[in-house]
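Beneath this line is the structure, given in structure tokens, with notes to follow.
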Amino acid sequence: MPNIAVMPGDGIGQEVIPSALRILKAALGADAARWHFEALPHGADHTLKTGQTITASEMQSLRSFDAIVVGALGDPRIPDNRHAKDILLGMRMQLDLYCNFRPSFALSDALVPLKNKGARDVRFTVFRENTEGLYTGIGGNFKMGTADEVAVEQEMNTRKGVERIIREAFAYAVRTGKRRLVMADKANAMTHGHGLWRRVFAEVCKEHQAIEAKALYVDNLVFQLVRDPSQFEVIVTNNLFGDIVTDLAAALQGGLGLAASANYHPGGPQMFEPVHGSAPDIAGKGLANPMGAVLSLSLMLERLGDPTRAAALEAAVKRTIEAGITTKDLGGTATTKEVEEAIARNVF
Ligand code: NAD
Ligand code: IPM
Ligand code: MN
């Protein structure tokens with residue numbers, strides 16, 4: 001019996017996650033009764049009400065679930081974003097979910113924003129290192145608030161951390177028959193940390209002669225992605241570059257409302273969330289696109305060992321797009337609820 005923790009979180013997370021779960025239940029049919037969903041209250045409201053973001057024991061208890069489903073964390077009432085740091089970055093770092101798997105695949109030619117490019121040109125996956133880099137919070141402020149203020153944000157790259165994400169990206173390429181893999185860094189400017197990435201990458205490349213692997217500077221990568229995304233199959237990069245590149249990747253597939261992700265430790269805990277945030281500009285208006293959340297549940301089904309239903313969810317989203325039932329971000333006029341109902345009807 002799959003045991004799933006569900007944390008809709010903030011803003012449109014409260015809209016897209018309930019929608020996506022109803023679609024999941026439609027896909028599960030009679031089997032839905034065997035699934036257990038545990039609602040978790042964490043998010044801005046909970047933090048403002050209780051003064052707590054997430055306790056150490058709540059964080060550890062997340063390990064007992066087969067999967068964690070998250071909507072988004074971020075709320076203008078908490079401008080320093082401390083709850084999202086504790087909860088979202090907390091899950092990634094404390095549960096050691098070092099793989100952030102962010103596929104970009106266009107489901108329709110019409111959604112690809114590039115001139116003379118179609119869905120067949122956008123079919124690549126980003127492996128984002130998810131536990132170190134510039135995200136550890138190591139650093140500090142000195143003489144804060146004065147004209148002499150100094151702010152230091154340290155980028156941490158460990159041999160172990162760099163090697164395991166590069167290895168996971170190669171393992172995925174081998175497992176899924178991909179031929180090309182790119183590692184993106186900024187080793188021309190950041191010679192210490194990104195020099196480490198280059199050296200480790202060169203070592204792991206030697207073990208995979210059948211894969212055409214190369215290192216690119218990340219500025220060139222984003223240029224090449226917009227020029228011709230069909231060059232790419234698998235991309236591996238650090239935490240911050242992965243964050244930025246995957247919003248660009250979302251735009252290539254049709255928008256942030258469509259982008260899905262998995263955060264996992266191979267053989268260990270796993271968390272699934274759409275790539276987008278809480279979108280305060282549209283929250284509570286029925287305008288949120290639930291497709292990224294649905295496709296994240298498709299990734300969850302895949303990783304829970306049900307590729308048939310995973311494919312059924314993806315196909316249902318594709319049929320719904322083809323039928324023109326989309327929210328405003330994809331050019332349509334449907335509400336979140338209308339898109340949900342259309343996807344649920346299209347699951348078979
Ligand atoms: P965002 O992704 O929330 O929104 C960016 C733009 O995309 C907005 O115009 C928004 O309306 C649109 N958009 C996003 N998702 C959409 C959807 N499903 N349907 C339709 N339109 C959608 O990014 P932001 O505005 O930079 O951040 C808002 C808040 O969310 C911030 O607090 C940020 O820190 C947080 N955030 C959280 C996560 C996460 O929890 N994983 C990810 C990104 C941003
Ligand atoms: C994401 C988000 C987060 C990140 C923020 C909310 C800290 O942008 O999941 O893509 O930078 O990882
Ligand atoms: Mn992001």
Dipole magnitude of the range 141-272 about its Cα centre, charges +1 at Lys/Arg Cβ and -1 at Asp/Glu Cβ only, in debye to the nearest 20? 560
Could you pull out every residue, at least 5 positions away or on a different chain, whose amide H is within less than 5 Å of the one on SER278? Hs are placed 1.01 Å off N in the peptide plane, and Pro or chain starts have none. LEU73
With a 10 Å cut-off between alpha carbons and a GNM built on the chain, which of ASN81, ASN239, ASN188 moves the most? ASN188
Find the centroid of the Cα atoms in the range 194-237 and in the range 331-348, then give the distance between the two in whole Å. 37
Would you mind calculating the relative contact order of the range 113-253 from Cα pairs under 8 angstrom and at least 6 residues apart, reporting the percent as a whole number? 38
Cβ charges +1 (Lys, Arg) and -1 (Asp, Glu), total dipole of the chain, debye: 820
Loop trypsin sites (Lys or Arg not before Pro), the range 140-211 (other Cβ atoms within 10 Å of the site Cβ: 12 or fewer; DSSP): LYS143, ARG179
Whenever you get a sec, compute what percent of the accessible area on the range 199-247 sits on carbon and sulfur atoms (1.4 Å probe). 54
So, in nm, how far is label ASN3 from label THR176 when the simple model puts each one 7 Å beyond its Cα toward the Cβ? 3.0
Exposure rank, largest accessible area first [SER19, SER57; 1.4 Å]: SER57, SER19
With charges set only on the Cβ (+1 for Lys and Arg, -1 for Asp and Glu), what does the dipole of the range 1-137 come to about its Cα centre, in debye to the nearest 20? 400
Starting from 0.36 nm per residue, how many nanometres of slack lie between LYS49 and GLU338 once their C-alpha separation is accounted for? 100.8 nm
For the range 113-253, what value does the Rg/Rh ratio take when both radii are computed over Cα atoms and Rh is the Kirkwood radius, given to two decimals? 1.04
Lys/Arg Cβ at +1, Asp/Glu Cβ at -1, dipole of the range 217-340 taken about the Cα centre: which of LEU295, HIS265, THR326 is farthest positive-ward? THR326
The lysines whose Cα lies under 25 Å from the Cα of LYS206, excluding any fewer than 8 residues away in the same chain, are LYS160, LYS178, LYS186, LYS214
Starting from the alpha-carbon convex hull of the chain, give the projected area averaged over all orientations, in nm². 18.5
Do any GluC sites (Glu not before Pro) in the range 170-274 lie in a DSSP loop with no more than 14 other beta carbon atoms within 10 Å, and if so, which? GLU207
With all protein chains in place and a 1.4 Å probe, VAL6 shows an accessible area in Å² (nearest 10) of 10
Starting at the first residue of the range 178-185, write each ³J(HN,Hα) from the Karplus equation 6.51 cos²θ - 1.76 cosθ + 1.60 with θ = phi - 60°, in whole Hz, x for Gly and Pro. 7, 10, 10, 9, 10, 9, 10, 8
So which residue, out of ALA259, ALA311, ALA250, gets the largest mean-square fluctuation from a GNM of the chain using Cα contacts under 10 Å as springs? ALA311
Heavy atoms of the protein only, probe of 1.4 Å, neighbouring chains included. What is the accessible area of HIS265 in Å², nearest 10? 50
Of the candidates PHE124, GLY137, LEU107, the farthest towards the positive dipole end of the range 106-154 (Lys/Arg Cβ +1, Asp/Glu Cβ -1, centred on the Cα centre) is LEU107
In sequence order, what are the phi-derived ³J(HN,Hα) couplings for the range 52-57 according to the Karplus relation 6.51 cos²θ - 1.76 cosθ + 1.60 with θ = phi - 60°, rounded to whole Hz, with x for glycine and proline? 10, 8, 7, 7, 4, 6
Note to self: with every protein chain in place and a 1.4 Å probe, the chain gives an accessible area per residue in Å² of 43
Positive-pole candidate from THR308, LEU28, ALA342, dipole of the chain, charges at beta carbon: THR308
Trypsin sites (Lys or Arg not before Pro) in the range 256-316 lying in a DSSP loop, each with at most 10 other Cβ atoms within 10 Å of its Cβ, come to none
Net length gained if the chain between LYS328 and LYS85 were fully extended (0.36 nm per residue, minus Cα distance): 84.5 nm
Using the Karplus equation 6.51 cos²θ - 1.76 cosθ + 1.60 (θ = phi - 60°), what ³J(HN,Hα) coupling, rounded to whole Hz, does each residue of the range 126-140 give in order, writing x for Gly and Pro? 9, 9, 9, 5, 10, 10, 9, x, 8, 9, 7, x, 6, x, x
Quick tally, 1.4 Å probe accessible area for HIS194, HIS36, sorted with the most first, runs HIS36, HIS194
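The values are calculated or read from the model by the stated rules, or taken from the named source; none is laboratory data. Predicted, not measured: the structure shown is a model, and the values here were computed from it. Ideal geometry is used to build each Cβ from the backbone, glycine not excepted, and the neighbour counts take in all protein chains shown. For the accessible areas, the whole protein counts, side chains as well, though only heavy atoms, and no ligand, DNA or RNA atoms are used. Shrake-Rupley method; radii C 1.70, N 1.55, O 1.52, S 1.80 Å.
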